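Encoded as structure tokens, the structure appears first; notes follow it.
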Amino acid sequence: MTDINKSLLVKLNNLGQRLRQLRKAKDILLRQVATVLDTDTAVVSKFESGKKRPTESQVTKLAEYYSINKNELLRLWLCDIVLDSIKDKEQAIEALELALQELKQK
């Protein structure tokens with residue numbers, strides 16, 4: 001019935017998981033990331049756990065810091081925003097399909 005997998009609506013915090021993965025793979029401490037973002041370690045920890053969402057500018061800084069394509073992180077960031085806003089809605093899948101059709105027409 002749908003092109004969009006329903007499990008996507010359950011799996012939130014795609015960005016946070018990726019940020020934690022990047023940081024741990026490079027053996028970087030939370031405080032080092034916090035310094036780059038001019039914030040404290042608690043905020044960075046909340047980004048990684050999904051309790052707080054970074055701004056677009058912070059996501060771009062993180063991509064630069066981790067030396068990865070910023071579009072990878074921005075896609076995850078935007079995905080989390082969309083999923084978070086519709087996760088509890090009965091019509092979520094249908095709305096996403098409609099939005100996808102609209103985007104494809106542009």
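The values are calculated or read from the model by the stated rules, or taken from the named source; none is laboratory data. None of these values were measured; they are calculated from a predicted model. Cβ: placed from backbone, ideal geometry, glycine included. Neighbour counts: every protein chain shown. The accessibility values were calculated without ligands, DNA or RNA, using every heavy atom of the protein model including side chains. Shrake-Rupley method; radii C 1.70, N 1.55, O 1.52, S 1.80 Å.
For the structure I just gave you, tell me whether I68 is part of a loop (DSSP other than H, G, I, E, B) and open to solvent by less than 80 Å² (accessible area, probe 1.4 Å). Taking the combined requirement at face value, the residue satisfies it.
Matching residues to (1) among the β-branched types (V, I, T); (2) farther than 22 Å from L22 by Cβ; (3) open to solvent by 50 Å² or more (accessible area, probe 1.4 Å):
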| site | (1), (2), (3) |
| --- | --- |
| E72 | no, no, yes |
| I81 | yes, no, yes |
| S85 | no, yes, yes |
| I93 | yes, yes, no |
| E102 | no, yes, yes |
| Q105 | no, yes, yes |
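Taking the criterion of being in a helix (DSSP H, G or I) and surrounded by fewer than 17 Cβ atoms within 10 Å (Cβ to Cβ), the residues of segment 44-60 that qualify are S45, K46, S49, E56, S57, T60. The number of residues in segment 40-55 being in contact with a Lys or Arg (Cβ under 6 Å, 6 or more places away or on another chain) and closer than 13 Å to Q17 by Cβ comes to 1. Taking residues in segment 10-24 that are surrounded by fewer than 20 Cβ atoms within 10 Å (Cβ to Cβ) and of a type in the set (A, V, I, L, M), and partners anywhere that are assigned to a helix (DSSP H, G or I) and modelled with pLDDT under 95, the pairs with Cβ atoms closer than 8 Å and at least 6 places apart or on different chains are L12/D80; L12/L83; L12/D84. Being in a helix (DSSP H, G or I) and over 13 Å from R18 (Cα atoms) is a description that applies to V36. When residues of segment 76-106 are filtered for being modelled with pLDDT under 95, outside any loop (DSSP other than H, G, I, E, B) and of a type outside the set (A, V, I, L, M), how many remain? Total satisfying the criteria: 10.
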